[in-house]
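**Student:** Sharing a structure here in structure tokens format.
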Amino acid sequence: AVLKHQWKNELSLFVPHRKAVVIEGSKKERLMEWRSEADYYIANYELLLRDFDEINSRNWDYIFADEATKICNPQAKQSKIIKKLQAQRRVAMSGTPIANRAEDCWNLIDFTNPGVFGSYWNFLNRYCVKNRWGSIFTYQNMDELKRKIRRYMIRRTKEEVLPDLPEKIVTDVPFVLSEEEAELQKKIKQEILRDIKASDINKLEKPMTIQYVIVKFNRLRQLADSLELLGQNKKSAKLEVLRELLRENLEGGRKAIIFSEFAEMCKILYREFPEYNPVMITGQVPNIIRQSMLDRFNNEDGCGICIMSSAGAYGLNITAASIVVNYDLPFSFSKLEQRIGRAHRHGQKNKVQVFNLLGKGTADMAIKKIIHAKFELSNQILGDAPISMEQIQDMLRYE
């Protein structure tokens with residue numbers, strides 16, 4: 001929802017003579033906005049389901065699908081319904097078109113150029129290899145897919161725009177857990193490894209089994225963030241590292257975005273750093289006030305940090321910040337790039353510093369290793385491959 005207003009602001013800069021309307025509010029208000037005279041109508045994907053009849057009542061000149069990974073799943077309702085809209089031209093826009101899997105690109109191409117890749121099932125048979133349970137575990141004919149995609153994609157890589165971007169410096173900040181944290185981490189690791197060992201070996205690679213273990217593995221991620229997330233106490237070695245890092249770097253009016261995968265951790269960070277007059281954006285923050293929070297962060301001198309969960313990692317321009325802190329890391333390489341891209345983008349005038357807080361022997365270090373492997377795959381247009389049980393066991397044994 002915040003991104004809608006950002007689009008309107010950008011349009012007012014580049015085409016001030018054109019009228020843009022943001023679709024929001026009650027059903028009655030939205031219908032009035034859809035029926036108003038304007039050049040651009042800006043809506044979020046959720047309104048495809050709520051306002052479909054009104055949207056579909058006209059033949060559009062263009063449909064621009066920004067952050068198009070939102071419609072990469074061909075089975076999702078909003079992915080299906082956006083393809084039913086009539087338009088002379090369709091454009092899908094994304095900084096990470098292959099967000100998680102190679103098959104993600106099929107629906108984006110089928111949205112912009114219907115039928116050129118054939119059916120989804122033909123696509124899977126041509127480029128994906130399934131295991132005995134029907135899950136995709138690897139890919140084939142990637143060079144062919146890469147050639148075909150080029151016909152329908154205008155791609156501008158980060159390397160191509162580097163001359164227009166400020167310098168970016170990425171720094172890993174290692175630290176050591178407290179004795180209490182390290183002891184609890186050891187117990188949780190052993191518990192999860194015992195669960196894996198006790199499982200039927202024939203079920204280990206089933207998606208449900210892997211998902212179950214990942215849920216348990218998240219306890220290790222939370223432990224590395226703060227014992228408070230596990231209901232233990234408020235001790236956190238990482239929190240103290242962040243406190244020192246902010247003290248050393250937030251000077252001269254510099255501002256920072258701090259990312260965490262956990263909404264509860266965001267609340268803890270908001271509580272712990274009142275001296276920086278923080279703002280916080282998570283999925284629990286109503287859309288209607290997110291833009292006012294961003295405006296406050298971008299414009300108020302005393303507002304030094306913006307704390308965000310994954311809800312804030314898409315699309316937003318937050319160039320007031322020249323520091324990005326990854327308090328914890330996502331499993332996805334593309335999500336990590338999305339985070340950093342909030343500050344390291346056009347309009348940024350300062351050098352951008354990225355800090356990754358990595359506890360030695362923790363889930364942080366293990367995930368960093370996995371992300372590096374996924375980066376290598378993304379260069380082959382594979383995106384982030386699914387996590388295997390073998391990788392999970394490697395993470396649990398990481399020292």
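**Student:** Taking Rh as the Kirkwood radius, which is the inverse of the mean 1/r over Cα pairs, what is the Rg/Rh value for the range 208-334?
**Tutor:** 0.98
**Student:** Note down the accessible area of Trp133, probe 1.4 Å, to the nearest 10 Å².
**Tutor:** Here the residue's solvent-accessible area equals roughly 90 Å².
**Student:** With labels modelled as points extended 7 Å from the Cα through the Cβ direction, what inter-label distance (nm, one decimal) is found for Asp39 paired with Glu248?
**Tutor:** According to this spin-label approximation, the distance is 5.0 nm.
**Student:** Moving on to the next point. So how much accessible area does Asp143 have, in Å² to the nearest 10, using a 1.4 Å probe?
**Tutor:** Rounded to the nearest 10, that gives 110 Å².
**Student:** Got a number for the accessible area of Met93? Probe 1.4 Å, square angstrom, nearest 10.
**Tutor:** In the full protein context, Met93 sits at about 60 Å².
**Student:** In whole angstrom, and with the biggest value first, how far do the Cα coordinates of the range 39-94 range along each principal axis?
**Tutor:** 27, 22, 17
**Student:** Here is a further query. When the accessible area of the range 205-312 is computed with all protein chains present and a 1.4 Å probe, what percentage of it is carbon and sulfur?
**Tutor:** Within the range 205-312, the accessible surface is 51 percent carbon and sulfur.
**Student:** Going by average Cβ neighbours within 10 Å, how do the peptides 290-300, 102-112 rank, with the highest at the top?
**Tutor:** Descending packing order for the listed peptides: 102-112, 290-300.
**Student:** To one decimal place, what orientation-averaged projected area in nm² is obtained for the convex hull of the Cα set of the range 40-132?
**Tutor:** 6.6 nm²
**Student:** Long-range amide H contacts for Val170: which residues qualify at under 5 Å (H placed 1.01 Å from N, peptide plane, sequence gap of 5 or more or a different chain)?
**Tutor:** Correct list: Val354.
**Student:** Next question. Got a sec to turn the phi values of the range 71-86 into Karplus ³J(HN,Hα) couplings, 6.51 cos²θ - 1.76 cosθ + 1.60 with θ = phi - 60°, whole Hz, x for Gly and Pro?
**Tutor:** Karplus values, whole Hz, x for Gly and Pro: 10, 7, 8, x, 8, 6, 4, 6, 5, 6, 6, 5, 6, 7, 6, 8.
**Student:** Here is a further query. Excluding Ala65 itself, what net charge comes from residues whose Cβ is under 11 Å from its Cβ, given Lys and Arg +1 and Asp and Glu -1?
**Tutor:** Computed value for this residue: +1.
**Student:** Also, I was wondering about something else. What net charge is computed for the residues neighbouring Ala38, neighbours being all others with C-beta under 9 Å from the C-beta of Ala38, Lys and Arg scored +1, Asp and Glu -1?
**Tutor:** -1
**Student:** Per residue, how many Å² of accessible area does the range 1-84 show with a 1.4 Å probe?
**Tutor:** I get 60 Å² per residue for this part.
The values are calculated or read from the model by the stated rules, or taken from the named source; none is laboratory data. If you're wondering where the values come from, they're calculated on a predicted model, not measured in any experiment. When we count neighbours, we look across all protein chains shown, and the Cβ atoms used for this are built from the backbone with ideal geometry, even at glycine. When the accessible area is computed, the model is the full protein with side chains, heavy atoms only, and any ligands, DNA or RNA have been set aside. Shrake-Rupley method; radii C 1.70, N 1.55, O 1.52, S 1.80 Å.
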